[in-house]
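One structure is given below, encoded as structure tokens.
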Amino acid sequence: MAARSGFSGWLHRASDSDVWWSFKSSPMTVTAAVATVLIVAIAFLSPVLAPHTPFDPATLNLIDGLKPPAMLSSDGDWTFPLGTDDQGRDVLSSIMYGTRLSLAVGFASVVVAMVLGIGLGLVSGYFGGTIDAVIMRIADVQLTFPAILVALLIDGIVRSTISVQRHDEIALFVIVGAIGLSFWVQYARTVRGSVMVEKNKEYVQAARVIGLSPLLIMVRHVLPNVTGPVLVIATINLGLAIITEATLSFLGVGLPPTEPSLGTLIRLGNEVLQSGDWWITVFPGATLAALVLAVNLLGDWLRDALNPKLR
Amino acid sequence: MATESNNPPLLDVRNLRVEFPTRRGTLVAVDDVSFDIAPGEVLGVVGESGAGKSLTGNAIIGLLEPPGRIAGGEIHLEGRRIDNLPYEEMRKIRGARIGAIFQDPLTSLNPLYSVGRQLVETIRTHLPLSAGEARTRALDLLKEVGIPGAESRLDHYPHQFSGGMRQRVVIALALCAGPRLIVADEPTTALDVSIQAQIIALLKRLCREHGTAVMLVTHDMGVIAETADRVAVMYAGRIAEIGPVRDVVKHARHPYTKGLMGSIPNLGVRTERLTQIDGAMPRLTEIPAGCAFNPRCAERGSRCLVERPDLMPAGADKAACWLHDRGGVGRPLAKETIDA
Amino acid sequence: MLAFILRRLLQSIAVLLTVGLVAFSLFRYVGDPINAMVGQDTSMEDREALREKLGLNDPAPIQFFHFIVNAAQGKFGLSYRTSEPVGRLIAERIPATLELSFCAAVFALFVGVPMGVYTGLYPRHWSSRLFQAVSLIGISLPTFLIGILLILVFAVWLRLLPSFGRGDTVMIGWWSTGFLTWSGLKALILPSITLGMFQLTLLMRLVRSEMLEVMRADYIKFARARGLTNRAINFGHALKNTLVPVITVTGLQLGALIAFAIVTETVFAWPGVGQLFIQSVQFSDVPVMAAYLLLIGLLFVLINLAVDLLYFVVDPRLRSQGGSARVAGH
């Protein structure tokens, strides 16, 4: 069959592929994809869409404090559909801004982990020997410690070396770095495995003989091979990274309250939970759960779709 | 051996049809297959992979893997219909009346239990014996299948046996409740060539001694020629030819069987070239109209393209080919050019 | 087999030393221990004298050696935050964490494994699909959120169970236990569920996929062909073959439980080592961080050793080969 060229050819192949078929035939996956796209879109458009700018102190009024959700209670105020917190901040707007931050941290740390992991995996698999042994031992030891602990430790170390004020300024980068560093192992192992397979193939030997850089050749052959697995790991990691950031922020070692992510919002709400003002906690919590659930569903589906053995 | 005796058959398969529903439509993997096996008889079933021979075996022991299912026909064992039995009823027949041997002895045994335990477990499932009696029987079986030092081997684990020894254990497991029929699915394919003959000889000897019939599924015509009383040749889910093994080997009636026989090296004949059949068996999704073999057939005629032949008498055999019908194949046609 | 255990033991010591090195580097090079110990007005000479006295001027390998020797005796110096000996702080709090982790593990194992077996055996049954869906939600809910929701429902709304602390405890020697009082047991319920939920869903999904995999194995088909009962096949043959990966993951997850106790202890104000660790991270209390790290490292190594020994019990192939590899390694 003559392959059609360009975008239309790609589109044709994509729409005929098993992956697309399995996507279409799973209503849950389609729902998850739509939900993810919707949440991402709303989050990144929050400066336009949000009814309030919750973290501009000038717009806050303590009189608006602790209003219950308007849609559930007659005490509510329709300018604050999901109620307000003790400072009078609109919960809905806080959630929109918070989701944006959570997503940004999630994506950024997945990229950090991916770049680091692919790089180290390539190096480890290609050079082998001592370099490989060292990298893989570090991976082994790190893998025995849960990511959250590694991230906490990195954050703790950074805190002890710089001042509190400075820490708040760079908190975003610290947390992205800490989460990124705690998730690189899986990528590295996948890429390393693929490199080890490719390394002994004849075309790599041939490339060496004719004077091409075998590393370059391999990068070109290995990367397409690992796209599938790496994509699966990345999707599953995105969910984990969002959870990890939320957890760190909840523990009070993540993002400062001046820049609240979903985790920070939940922590702030938790402080007044005992008095029964549940909406401050529950709505950000539900948003977080929905976001992670949607991403996990996509990850699960992707893993099954790209791995026919499991079907 | 008694090939066409007057005794009622041990196993009687009538118009068996096995289907696989898939997302691209239903595949018919076994289509209108009928044969019988007399008590103590060895029936060889031969064909390429995908011809439906293993599925026929699995259908008989009631272990078709879903979504595969029996969509038509009947299977009778000792006069009793077994293809529509509830799972629990069929379970009691498996192991007790029908034994099974699978291709790979390396994976047929549970790695975590000693062979003795697996034997005792099977024996006690089907026979009312005490643990001690079952162990004695297990020991006797291991001796019978020729495992040296059986006493000490009883408590060994599968990984401590070689491939050939493991297949002997598998045979002991298949025989341990005294079944009347054994369905052996490629029992030697996974073994070394030097071991294959031993295992076949063992199987043949044991079944003769116990009077057990065998349905021997294989793609190895040599094994069939040595072992079987009768042979059924399968092609694309149907039986192409069935008859006593000598007749099929010496005077094949179906063009496919002829090709199959031509591809066996014959030490007795000097100058003859090994022939091969051009092309490949069609996929189940692409079975042509008329005779499924027609695109590869050198003797085909216009009738073969439209009408599907059923088994019909052909010499001492039965063959599904219009060559043996009074009406013939119709206008002769050249073989389809195969661009493989 | 003995050689295998010996090799594992050596590996464990190597891992412990690595963790020790990280802890030591933390302890020694992150922040200045002297600054943390003395007041602002201490003179340079006094600082130098203290430095000499504490051995901080010795070569690094010697300091590391002293650190390890001290650590082995439970001496980690004084907490920067409370000026109490770190060893004592940890000893006071470890029973709370271990009891919580134990209950969570029991909960996860005794609910997760049966659910996994069931969904693996009957993957198309509606209740299996329900379990699958619930487990996905369980994996998607962060631990702290589960805790908060449980508190909201059972403590704030229904007022059935306490939302913080251990309740009344009884001292047995130096070990304080919550198992012997009614309020102590009640206080354990919500935190244990919170902590165990993630492991439960993980175990369930693992057992399910292993069951599905094993049920396709040839020896299961052969066991069916031998006419064994479903009971014998499902529980005798299939479940036992899923045990090796389940043991591996349970082992790893036991360690993870202790680490995730950090979160649960924060949510429920549970006076364990995790809470101590979080406070030490917030206050840059380096000696406590270092000691906690070593403690976790030690627990991980012990659990891994126990897991290795369990493999021998389960898998005869390892017993005779001298166990070159874990059968279902990661």
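The values are calculated or read from the model by the stated rules, or taken from the named source; none is laboratory data. Quick caveat: nothing in here was measured; it's all calculated off a predicted structure. In this analysis, Cβ positions are derived from the backbone assuming ideal geometry, glycine residues included, and neighbour counts consider all displayed protein chains.
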(request) Please work out which residue is modelled with the highest pLDDT, limiting yourself to the stretch B:107-123 and to residues that are assigned to a helix (DSSP H, G or I) and surrounded by fewer than 19 Cβ atoms within 10 Å (Cβ to Cβ). (result) B:ARG117
(message) If a residue must be buried (at least 23 other Cβ atoms within 10 Å of the Cβ) and not small (Gly, Ala, Ser), how many such residues does the stretch C:119-138 contain?
(response) 1
(request) Kindly indicate which of B:THR218, B:THR188, B:THR212 is crowded, with 21+ Cβ neighbours inside 10 Å, more than 14 Å from every other protein chain (Cβ to nearest Cβ) and more than 23 Å from B:THR257 (Cβ to Cβ). (result) B:THR212
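Here's the yes/no breakdown for (1) under 30 Å from C:PHE144 (Cα atoms); (2) free of Cβ contacts under 8 Å to residues at least 24 places away in the same chain; (3) in contact with a Cys (Cβ under 6 Å, 6 or more places away or on another chain); (4) among the basic types (Lys, Arg):
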| site | (1), (2), (3), (4) |
| --- | --- |
| A:ILE175 | yes, no, no, no |
| A:ALA178 | yes, no, no, no |
| A:PHE183 | yes, no, no, no |
| A:VAL191 | no, no, no, no |
| A:VAL204 | no, yes, no, no |
| A:GLY252 | yes, yes, no, no |
| A:ILE266 | yes, yes, no, no |
(message) What's the total number of residues in the stretch A:56-87 that are of a type outside the set (D, E, K, R) and modelled with pLDDT of 70 or more?
(response) 7
(request) Considering only the stretch C:164-183, state which residues are farther than 17 Å from C:PHE154 by Cβ and of a type outside the set (Phe, Trp, Tyr). (result) C:ASP168, C:THR169, C:VAL170, C:MET171, C:ILE172, C:GLY173, C:SER176, C:THR177, C:GLY178, C:LEU180, C:THR181
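Of the residues that make up the stretch A:199-212, is at least one in a helix (DSSP H, G or I), under 17 Å from the mean Cα position of the chain (by Cα) and on the phi < 0 side of the Ramachandran plot?
There is no residue in the stretch A:199-212 that is in a helix (DSSP H, G or I), under 17 Å from the mean Cα position of the chain (by Cα) and on the phi < 0 side of the Ramachandran plot.
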(message) Residues to consider are B:LEU181, B:LEU173; find the one that is modelled with pLDDT of 90 or more, of a type in the set (A, V, I, L, M, F, W, C) and under 21 Å from B:GLY243 (Cβ atoms).
(response) B:LEU181
(message) Given the criterion of a type in the set (Val, Ile, Thr) and touching a helix residue (DSSP H, G or I) at 6+ places or on another chain (Cβ under 8 Å), identify the matching residue among A:THR244, A:THR227.
(response) A:THR244
(message) Criterion first (over 24 Å from A:GLN274 (Cβ atoms), assigned to a loop (DSSP other than H, G, I, E, B) and either away from every other protein chain (no Cβ under 14 Å) or among the charged types (D, E, K, R) (or both)) does C:ARG81 satisfy it?
(response) yes
(message) Looking at the structure I just gave you, is A:ILE236 touching a residue at least 40 places away in the same chain (Cβ under 8 Å), within 14 Å of chain C (Cβ to nearest Cβ), surrounded by fewer than 22 Cβ atoms within 10 Å (Cβ to Cβ) and not aromatic (Phe, Trp, Tyr)?
(response) yes
(request) Identify, by number, the condition in (1) charged (D, E, K, R); (2) within 13 Å of another protein chain (Cβ to nearest Cβ); (3) over 30 Å from B:PRO67 (Cα atoms) that A:ASP304 doesn't meet. (result) (3)
(request) Determine, yes or no, whether B:VAL170 is in contact with a strand residue (DSSP E or B) (Cβ under 7 Å, 6 or more places away or on another chain), part of a strand (DSSP E or B) and in contact (Cβ under 8 Å) with a residue 40 or more places away in the chain. (result) no
(message) Let me confirm something: among C:GLY147, C:GLY120, which residue is small (Gly, Ala, Ser), within 30 Å of B:ALA174 (Cα to Cα), at pLDDT 85 or above and part of a helix (DSSP H, G or I)?
(response) C:GLY120
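For every residue, the table says whether it meets (1) closer than 16 Å to B:ASP83 by Cα; (2) within 12 Å of the chain's Cα centre (by Cα).
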residue: B:LEU16; (1), (2): yes, no
residue: B:GLU19; (1), (2): yes, no
residue: B:ARG23; (1), (2): no, no
residue: B:ALA29; (1), (2): no, no
residue: B:PRO39; (1), (2): no, no
residue: B:LEU43; (1), (2): no, yes
residue: B:GLY52; (1), (2): no, yes
residue: B:GLY57; (1), (2): yes, yes
residue: B:ILE60; (1), (2): yes, yes
(request) Among residues belonging to the stretch A:260-284 that are more than 9 Å from every other protein chain (Cβ to nearest Cβ) and outside any helix (DSSP H, G or I), point out the one that is surrounded by the fewest Cβ atoms within 10 Å (Cβ to Cβ). (result) A:VAL272
(message) Looking at C:ASP41, C:ASP32 in this structure, which one is at pLDDT below 75, among the charged types (D, E, K, R) and farther than 16 Å from C:GLY77 by Cα?
(response) C:ASP41
(request) Report, by residue number, each residue of the stretch C:189-199 that is surrounded by fewer than 24 Cβ atoms within 10 Å (Cβ to Cβ) and over 14 Å from the mean Cα position of the chain (by Cα). (result) C:ILE189, C:ILE193
(message) Can you list residue pairs whose Cβ atoms sit under 6 Å apart, with the first residue in the stretch B:112-129 being under 28 Å from C:PRO245 (Cβ atoms) and more than 8 Å from chain C (Cβ to nearest Cβ) and the second being surrounded by fewer than 20 Cβ atoms within 10 Å (Cβ to Cβ) and among the basic types (Lys, Arg)? Count only pairs 6 or more apart in sequence or on different chains.
(response) B:VAL120/B:ARG135
(message) I'd like to know if the stretch B:83-91 contains one or more residues that are at the interface with another protein chain (Cβ under 7 Å from one of its Cβ atoms) and over 30 Å from B:ILE195 (Cα atoms).
(response) yes
(request) Any chance you could count how many residues in the stretch A:119-139 are within 12 Å of chain C (Cβ to nearest Cβ) and closer than 21 Å to A:VAL197 by Cα? (result) 3
(request) Mind counting the residues in the stretch C:236-249 that are more than 9 Å from chain B (Cβ to nearest Cβ) and under 22 Å from C:ALA104 (Cβ atoms)? (result) 6
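The rows are residues; the columns are (1) β-branched (Val, Ile, Thr); (2) more than 28 Å from B:ILE123 (Cα to Cα); (3) crowded, with 23+ Cβ neighbours inside 10 Å; (4) at pLDDT below 90.
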residue: B:GLU41; (1), (2), (3), (4): no, no, yes, no
residue: B:SER49; (1), (2), (3), (4): no, yes, no, yes
residue: B:ALA59; (1), (2), (3), (4): no, no, yes, no
residue: B:GLY68; (1), (2), (3), (4): no, yes, no, yes
residue: B:GLY79; (1), (2), (3), (4): no, no, no, yes
residue: B:PRO86; (1), (2), (3), (4): no, no, no, no
residue: B:MET90; (1), (2), (3), (4): no, no, no, no
residue: B:ARG97; (1), (2), (3), (4): no, no, no, no
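Here is a yes/no grid of residues against (1) under 30 Å from C:SER83 (Cα atoms); (2) in a helix (DSSP H, G or I); (3) touching a Ser or Thr at 6+ places or on another chain (Cβ under 6 Å); (4) within 14 Å of chain B (Cβ to nearest Cβ):
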{"site": "C:LYS221", "(1), (2), (3), (4)": "no, yes, no, yes"}
{"site": "C:ASN234", "(1), (2), (3), (4)": "no, yes, no, yes"}
{"site": "C:GLY251", "(1), (2), (3), (4)": "no, yes, no, no"}
{"site": "C:ALA256", "(1), (2), (3), (4)": "yes, yes, no, no"}
{"site": "C:PHE277", "(1), (2), (3), (4)": "yes, yes, no, no"}
{"site": "C:ALA291", "(1), (2), (3), (4)": "yes, yes, no, no"}
{"site": "C:ASP308", "(1), (2), (3), (4)": "no, yes, no, no"}
(message) Just to be sure before I move on: is A:ILE243 in contact (Cβ under 8 Å) with a residue 24 or more places away in the chain, within 11 Å of chain C (Cβ to nearest Cβ) and closer than 26 Å to C:GLU265 by Cβ in the structure I sent?
(response) yes
